[in-house]
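Q: What follows is a structure written as structure tokens; I'll ask about it next.
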Amino acid sequence: MGVDAWITLVVVAVVLVMLARDLAPAALTLLGSVVVLLVLGVIDSGRALAGFSNPAPVTVAALYVLAGAVQQTGVLESVIGRLLGGASGPRSLLARVVVPTTLSSAVLNNTPIVAMVAPAVASWAEQRRLPSSRFLMPVSYAAILGGCITAIGTSTNLVVSGLLVEAGRPQLGLFELAAVGIPLAVLGGGIIVALAPVVLPDRGTVRDDLEEHVRDFTVAMQVVDGGAMDGQTIESAGLRSLQGVFCAQLTRGDRRISPVAPDQDLRPDDELLFVGRVDRILDLQRNRGLRSTENRHLDRVGGGNSAQFFEAVIGPGSRLVNATVKDVGFRQRHDAAVLAIHRAGHRIDAKLGEVELKAGDTLLLMAGSGFRNRWRSTGDFVLVAGTGQTRPVQGRKAQLTGVVTLGLVLLAGLGIVPILEASLVAAVALIALGVMPLGQARAAIDTQVLVVIASAFGLGAAIESSGLAATGAELLLRATEPWGQLGALAGVLIVTMILTEMLTNNAAAVLAFPLAAAAAEQVGADLRPFAIVIALGASLSFLSPIGYQTNLMVYSLGGYRFSDFARLGAPITALVLLSSLLIVPRVWPL
């Protein structure tokens, strides 16, 4: 290998470690790697920035607006709610939810699909005293399977399509993947319905925590007239820096204030609701400026126009990752109080303000009713679910969204308009028709994902131009030489599936593509079937919660442990390997 290849190898190794260990946001890591390669002269500015002009990130941005409109209008939630209403048992529920989730994920980004469906399924299970852990993972897996049916089902498919265009090949047709995607979705859905109730264990959830733990740790105190806290603010009275307990709500007459700001003044007979450790609350009762009232519980909070409870899942690109609630000024930033933190099936028993947050953590929050509409602008969460709440369907806007979505599928599916143009027309139409105001449309676009996609193109260009891809392909072909072209195809698929369990799916696709291109050239095979298995391998992640964002969304929400994903994911992964190697070479000849 030459000097450029060695430099690229070192950069790729650093990227792999940083992404696998979540040391920095994926967007920053990949963009930084491209900048390093550009500065060191491995690639020129044209190749480094090619991803920012590629159709893939632009198409993904437009489709985010479409998915945001579906989420805002509550169309899918209404459908899922009606379907769940007639379910009589676990497998009946799974069958009713897997099919529409799979189909909707074929034409919409699967992240908002899971964000809409998962809370409805969790509520259904809660009402029937069934463990939601047996239903939430299947929702994620169904969405992943559905994403492989069309070229717009997941951003990874669009990335692979963009890479094909850069390589001088035709882009993916809208339904080109259906030949392998539909059999995988049907067989995978069957495995989910058959095995999920058997192999997935009963785990505790955030909602269980609300019912079983938080209520035991609350007490109401009243400000004494003329006492030490009369006329003080929350902060000056020392109530801002309490150990193991915090003030969650202030009641003044008929008015409830939550969360309580540090500069909130205290008046005689104000009632303060504290949440925290029992021993600390008992200490609080000895404070001379407060007197105890009768025991109050959190189920009384939220009356009238007061606070509500939310479950919020931290996304991998969130600024909350590796930070603490205190560091980011969570209450001021989100106007919400953190009542509990769940991670990998367990409630963290520590001072919440000092817990270093991780991607996939689920926060139990108490916030005002406007929180649901505010959180999208921050990008801190990938899922926010209100406990016991439903979103009303917006009739006219829902109908317009349905018409626009159908128009996109017909125009792109029939080849009348390319996918990029059809997606942009759909996004502009939704904004022009007032379905998605410009501010909401902007908030619906996940810029972190766009930067990851665009930057990954530059890193992939370096892997190819430096000669690193050719060297990697030689090593791969030595291992698969006895099986010829099919062995090379299988090797690329397995490498991609390993990468996607460690990294983001888009990064895995871009890193694997130069390797696949070099391998295809060396064995004299067509590039297209190799690109197809990359799209499948990078998206179909079932073995861990970190391989795909929807898995991460349900990780703590369902109370899962890391190993739980392989229980259901292993047989589906085996299905993907066998079916792909049987179907792909027949549909796309090597």
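Q: With a 1.4 Å probe and all protein chains kept in place, how much accessible area does residue 532 have, in Å² rounded to the nearest 10?
A: Surface accessible to solvent at residue 532 totals approximately 0 Å².
Q: Return the distance in nm (one decimal) between the two label points of a simple spin-label model at residue 23 and residue 490, each offset 7 Å from Cα along Cα→Cβ.
A: Spacing of the two 7 Å Cα→Cβ label points: 3.5 nm.
Q: What residues qualify as long-range amide H neighbours of residue 228, i.e. H under 5 Å apart, gap of 5 or more or another chain, H built at 1.01 Å from N?
A: Amide H to amide H, under 5 Å and 5 or more residues apart or across chains, residue 228 pairs with 289.
Q: Among 466-477, 8-19, 134-145, what's the highest-first ranking by average C-beta atoms within 10 angstrom per residue?
A: The most tightly packed comes first, giving 134-145, 466-477, 8-19.
Q: Right, next: From the phi angles alone, apply the Karplus equation (6.51, -1.76, 1.60; θ = phi - 60°) to segment 2-18 and give each ³J(HN,Hα) in whole Hz, x where the residue is Gly or Pro.
A: Going residue by residue, I get x, 4, 4, 5, 5, 4, 5, 4, 5, 5, 4, 4, 5, 4, 4, 5, 5 Hz, with x marking Gly and Pro.
Q: Which ³J(HN,Hα) values in Hz, rounded to whole numbers, follow from the phi angles of segment 29-44 under the Karplus curve 6.51 cos²θ - 1.76 cosθ + 1.60, where θ = phi - 60° and Gly and Pro get x?
A: Computed from phi, the couplings for segment 29-44 are 4, 6, 5, x, 5, 5, 4, 4, 5, 5, 5, 7, x, 5, 10, 8 Hz.
Q: Determine the order of 588, 6 by accessible area, beginning with the largest, at a probe radius of 1.4 Å.
A: On the way: 588 20, 6 140 Å².
Largest to smallest exposure gives the sequence 6, 588.
Q: To continue, here is another question. For segment 21-62, count the residues as N, evaluate 2.2 N^0.38 Å, and divide the Cα radius of gyration by that value, please.
A: Numbers: Rg = 12.1 Å, N = 42, 2.2 N^0.38 = 9.1 Å.
Normalised Rg, Cα atoms only: 1.33.
Q: Please list, ordered by chain and number, the residues whose modelled amide H lies under 5 Å from the amide H of residue 264; skip anything fewer than 5 residues away on the same chain.
A: For residue 264, whose amide H was placed from the backbone, the distant partners under 5 Å are 234, 235.
Q: For segment 573-590, in order, what is each residue's ³J(HN,Hα) by Karplus, 6.51 cos²θ - 1.76 cosθ + 1.60 with θ = phi - 60°, in whole Hz (x at glycine and Pro)?
A: For segment 573-590, the Karplus-derived couplings read 5, 4, 4, 4, 4, 5, 5, 4, 6, 7, 8, 4, x, 7, 7, 10, x, 6 Hz, x marking Gly and Pro.
Q: Here's something else I'd like to know. Between residue 3 and residue 236, with labels modelled 7 Å along Cα→Cβ, what's the label distance in nm to one decimal, could you check?
A: Those two pseudo-labels are separated by 6.6 nm.
Q: What FRET efficiency comes out for the pair residue 103/residue 324, r = Cβ-Cβ distance, R0 = 45 Å, nearest 0.05?
A: In this case the efficiency is close to 0.65.
Q: Let me ask something else. Under Stokes-Einstein, with the Kirkwood radius over Cα pairs standing in for Rh, what whole-number D in µm²/s applies to segment 437-510 at 20 °C and 1.002 mPa s?
A: Taking Rh from Cα pairs, D becomes 149 µm²/s.
Q: Hey, can you rank 247-254, 148-155 by average C-beta count inside 10 Å, highest first?
A: Highest mean packing first, the order is 148-155, 247-254.
Q: Check residue 339: other-chain or 5+ apart residues with amide H under 5 Å from its amide H, H built from backbone geometry?
A: 364, 365, 366
Q: Probe radius 1.4 Å, ligands and nucleic acids left out: which of 166, 481 has the largest accessible area, and how do the rest follow?
A: Per-residue accessible area, sorted high to low, gives 481, 166.
Q: Taking the simple approach of a point 7 Å from Cα along Cα-to-Cβ for both residue 483 and residue 433, what is their distance in nm?
A: With each label point 7 Å from Cα toward Cβ, the separation is 4.8 nm.
Q: At a temperature of 4 °C and a viscosity of 1.567 mPa s, determine how fast segment 438-590 diffuses translationally according to Stokes-Einstein, using the Kirkwood radius over alpha-carbon pairs as Rh; express D in µm²/s, rounded to the nearest whole number.
A: Rounded, D is 79 µm²/s.
The values are calculated or read from the model by the stated rules, or taken from the named source; none is laboratory data. What you are looking at is a predicted structure, and each value in this text was computed from that prediction instead of being measured. Backbone-built Cβ (ideal geometry, glycine too); neighbour counts: all protein chains shown. The accessibility values were calculated without ligands, DNA or RNA, using every heavy atom of the protein model including side chains. Shrake-Rupley method; radii C 1.70, N 1.55, O 1.52, S 1.80 Å.
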